[in-house]
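Data block below; observations after.
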Amino acid sequence: MGSSAEAGRVCSAVWVNLELREFHRGRLEKVDTGLMPELPEVEALALFLRQKLVGRVVARVDVSSISVLKTYDPPVTSLCGLQISDVARHGKFLDIDVDGLHLITHLARAGWLRWRESQPTTLLKPGGKGPISFRVHLDDGSGFDLTEAGTQKKLSVYVVRDPHDVPGIVRLGPDPLSPSFDVGQFRSILTDHGRTQLKGLLRDQSVIAGVGNAYSDEILHVAKLSPFKTAGSLDEAASQSLYDAMRQTLQNAVERSAGLPASELKDDKRAGMRVHGRKGQPCPECGDTVQEVSFADSALQYCPTCQTGGKPLADRRMSRLLK
Ligand SMILES: [Zn+2]
């Protein structure tokens, strides 16, 4: 074996091959089901929890998977006995304000929140194999669990004095639904990232907060733009239509999911998709067949007629590896 740098390269190659094999077996689609919570789902969760939590007192917190807890000061036990005053969203982060302390979570790809009117009082098994990683009990016996179904274990929980103590929140770009986020600001983002492909740009949390793999597919389909087009190549009309598509798609999804209980948000998200996760199905605009191509760590879906002048996109990762 050579240097550690070489070892690192060997490792990453193995990882790519494994992923490719998973892709051939159709497992990659299984992993990326389009159900990862993005801005609209986290917004709906915040709304749902605000109604349930504000005014309640945290009675007990159980942590069964210590790896999900990313902070130790203040300790998680310091939440006990404090009253919840608000629930907010930052990008895809959910922020529960517990009397000035903040319980913040990022659900990542396979995490979810399960609400219970009556929370079981039995202790969670530490390091247990079940999906429940974190459990909050409230003073009236209700509460919620943070669960993780994936093998990647990316669910994260933070207890902080200020939301900006969470590195992922400090790095967030502007919120696309903020009233101050106008088309001028969006155009300067496109100019600043001129060589970035639109699909990657929309998903980059440090550029625009809250959009992930599913809604970026949806936004690009509404705007009738290729996911591989670069940001700098858009003229004024195309920039405006991408901005409008982004605001409209996210706003519609927020309105549709607002008021739904946490348990119904995933199905609602899936039902609302036009192209994302719909490979092989007809495009709702033109009837052409929705296509799929690999992108970064997952796959994207698009309509060739609506978005790429009828031409299929080349699978760059696959063609590179087969050379
Ligand atoms: Zn179409």
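The values are calculated or read from the model by the stated rules, or taken from the named source; none is laboratory data. Just so it is clear, the structure is predicted and the values come from calculations on it, not from any experiment. FYI the Cβ positions are ideal-geometry reconstructions off the backbone, even for glycines, and counts take in every protein chain you see.
Note on the stretch 166-190: residues that are in contact with a His (Cβ under 8 Å, 6 or more places away or on another chain) and surrounded by fewer than 16 Cβ atoms within 10 Å (Cβ to Cβ) total 1. Restricted to strands (runs of 3 or more DSSP E) entirely inside the stretch 90-133, those with at least 1 residues that are of a type in the set (Val, Ile, Thr) are 93-98, 101-106.
The set of residues from the stretch 69-109 being touching a residue at least 24 places away in the same chain (Cβ under 8 Å), buried (at least 16 other Cβ atoms within 10 Å of the Cβ) and of a type in the set (D, E, K, R) comprises LYS70, ARG89, LYS92, ASP95, ARG109.
Just so you know, in the stretch 243-271 the residues that are under 21 Å from PHE144 (Cβ atoms) and among the polar types (S, T, N, Q) include one that is surrounded by the most Cβ atoms within 10 Å (Cβ to Cβ), and it is SER257. Condition (residue is assigned to a loop (DSSP other than H, G, I, E, B), of a type in the set (A, V, I, L, M, F, W, C), free of Cβ contacts under 8 Å to residues at least 40 places away in the same chain and within 16 Å of the ligand (Cβ to nearest atom)) applied to the stretch 296-318: is it met by at least one residue? For the stretch 296-318, residues assigned to a loop (DSSP other than H, G, I, E, B), of a type in the set (A, V, I, L, M, F, W, C), free of Cβ contacts under 8 Å to residues at least 40 places away in the same chain and within 16 Å of the ligand (Cβ to nearest atom): absent. Within 29 Å of PRO174 (Cβ to Cβ), within 13 Å of the ligand (Cβ to nearest atom), in a loop (DSSP other than H, G, I, E, B) and in the same structural domain as CYS303 (by TED's automatic domain parsing), is that true of ARG274? Taking the combined requirement at face value, the residue satisfies it.
Quick check: is even one residue across the stretch 206-221 farther than 30 Å from LEU101 by Cα and part of a loop (DSSP other than H, G, I, E, B)? Taking every residue of the stretch 206-221 in turn, none turns out to be farther than 30 Å from LEU101 by Cα and part of a loop (DSSP other than H, G, I, E, B).
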